[in-house]
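**Student:** Have a look at the structure that comes next, please.
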Amino acid sequence: MQMDKIKVGIIGSLSFIAEKHIEALKNLESDFDFYGVCDLDENRIRDQAFKYEIPFWTDYKEMLEYSEIDLYVVAVPNHLHRKIGQDVAKAGKDALIEKPITTNLRDADKLIKIFKKKKRNLFVMLQMRFHPALCMVKQAIDEGKLGRILGSSLNIFWFRSGEYFQKSTWKGVKKLEGGSLLNQGIHYIDIMQWLVGPVESVFARIFTLFHKIETEDTVQAILKFKNPAGESGIYSGAGGASGTLNFNIFTYPKNFECSLTIFGTQGTIKIGGEKMQEIKFWDVKNYPMPPIKKTAYILQTYVYADIAQSLRRGLRAEISGGEARKSLEIIEAIYRSAKENKEIRFPL
């Protein structure tokens, strides 16, 4: 018996990132029906709706009254995630929110709570967890191939021009963006904690050295991870792994590196490239690097495939609101540590 397609509406459909959602939905037309769009520019949204032969709205609250839509995608500036997400939940619908889930932990907790209260599903777009190279590293760590994880080093050296901030009404503005690390680096902080484990404490410094913006353009942090599962009783006195984070967005003249190196008692792996998409180094005792599977589609497609499984079969989604909260908590701890000039311990 063929199941009904999941009908999807996109709020903020004229944004650049919404184009990725549309492409992913088109890749999974057997599961999803791209059903409606909403944005503020009436002329452009009318053209977009005409292109896909679907309804359009300029007011998302009116769109939420359209009972046919099952899943609402929230692809708007960061500071609007909490309010629009909350309204989706109140309308009794499921939501897929672009990263970050919200700009702060308090709002994230409120959002998670209301979706739980309404018994609706909250998903967040953190598609890097579906990258084949990262999944391969995750499997190696989970199977104990690297032994006990001792340390990690996350480096994000990117370039954002002055024009990047000038042409935006919200990027670089603290109350609207939440922070440069939050907006630019959350995918990779999510991968760090996904691979290395939950964080126990952080000490950080943040600066604005180059850009004329309210938010930071460089971050340095030292992290302490909790004991790896099943390891605390094996090594007498051994604690969790240590980690470092180095982030900046003034690496002239272009993005240089986004890498995560993981050090274990039986191996070292470095994932690198411009956006952490390649294995740069793999030396693991008695475990040669397996071939990396090639993806047929953009990574957002696999997030949607996971959502389809979750909604139809009641399976746990890879990136729920609770999962997305983990990387947000780390970033908020970094900001708090820099502000208070002290080590911040978890949970917040």
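**Student:** Show the residue pairs that are 6+ apart or on different chains and have beta-carbon atoms under 9 Å apart, the first residue being within segment 156-174 and of a type in the set (A, V, I, L, M, F, W, C), the second being surrounded by fewer than 17 Cβ atoms within 10 Å (Cβ to Cβ) and modelled with pLDDT under 95.
**Tutor:** Hits for this filter: 158/274.
**Student:** Okay, next question. From 145, 119, 99, 93, grab the single residue that is touching a Phe, Trp or Tyr at 6+ places or on another chain (Cβ under 8 Å) and within 22 Å of residue 309 (Cβ to Cβ).
**Tutor:** From the options 145, 119, 99, 93, the qualifying one is 93.
**Student:** Also, I was wondering about something else. Residue 84 - would you say it is under 22 Å from residue 173 (Cα atoms) and either touching a strand residue (DSSP E or B) at 6+ places or on another chain (Cβ under 6 Å) or not in a strand (DSSP E or B) (or both)?
**Tutor:** yes
**Student:** Filter segment 253-299 down to residues that are more than 19 Å from residue 126 (Cα to Cα) and among the β-branched types (Val, Ile, Thr) and give me whichever is surrounded by the fewest Cβ atoms within 10 Å (Cβ to Cβ).
**Tutor:** So the residue we want is 265.
This table checks each residue for (1) outside the structural domain of residue 175 (by TED's automatic domain parsing); (2) touching a residue at least 12 places away in the same chain (Cβ under 8 Å); (3) hydrophobic (A, V, I, L, M, F, W, C).
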{"site": "257", "(1), (2), (3)": "no, yes, no"}
{"site": "261", "(1), (2), (3)": "no, yes, no"}
{"site": "266", "(1), (2), (3)": "no, yes, no"}
{"site": "274", "(1), (2), (3)": "no, yes, no"}
{"site": "294", "(1), (2), (3)": "yes, yes, no"}
{"site": "309", "(1), (2), (3)": "yes, no, no"}
{"site": "312", "(1), (2), (3)": "yes, yes, no"}
{"site": "332", "(1), (2), (3)": "no, yes, no"}
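**Student:** Right, another one. Could you tell me which numbered condition residue 107 fails, if it satisfies all but one of (1) assigned to a loop (DSSP other than H, G, I, E, B); (2) among the charged types (D, E, K, R); (3) touching a His at 6+ places or on another chain (Cβ under 9 Å)?
**Tutor:** Result: residue 107 passes all but (1).
**Student:** Oh, and also: Give me the residue from segment 85-114 that is among the hydrophobic types (A, V, I, L, M, F, W, C) and surrounded by fewer than 21 Cβ atoms within 10 Å (Cβ to Cβ) and, out of that set, farthest from residue 329 (Cα to Cα). Spell out how you get there, then give the answer.
**Tutor:** Applying the first criterion (among the hydrophobic types (A, V, I, L, M, F, W, C)) to segment 85-114 yields 88-89, 91, 95-97, 101, 105, 108, 111-112, 114.
Now narrow it down to the ones that are surrounded by fewer than 21 Cβ atoms within 10 Å (Cβ to Cβ): 91, 105, 112, 114.
Numbers: 91: 27, 105: 6, 112: 14, 114: 19 Å.
Of everything passing the filter in segment 85-114, 91 is farthest from residue 329 (Cα to Cα).
**Student:** Out of the residues in segment 47-80 that are among the acidic types (Asp, Glu) and assigned to a loop (DSSP other than H, G, I, E, B), state the one that is surrounded by the most Cβ atoms within 10 Å (Cβ to Cβ).
**Tutor:** Only one residue fits best here, namely 70.
**Student:** Please specify each residue of segment 87-101 satisfying the condition of being of a type in the set (Lys, Arg) and assigned to a loop (DSSP other than H, G, I, E, B).
**Tutor:** Answer for segment 87-101, where residues must be of a type in the set (Lys, Arg) and assigned to a loop (DSSP other than H, G, I, E, B): 93, 99.
**Student:** Something else now. Considering each residue of segment 165-190, count those that are surrounded by fewer than 21 Cβ atoms within 10 Å (Cβ to Cβ) and farther than 19 Å from residue 258 by Cβ, and give that number.
**Tutor:** Going through segment 165-190 one residue at a time, the tally reaches 9.
The values are calculated or read from the model by the stated rules, or taken from the named source; none is laboratory data. Keep in mind it's a predicted model, so treat the numbers as computed, not measured. All Cβ positions, glycine included, derive from the backbone under ideal geometry; neighbour counts span all protein chains shown.
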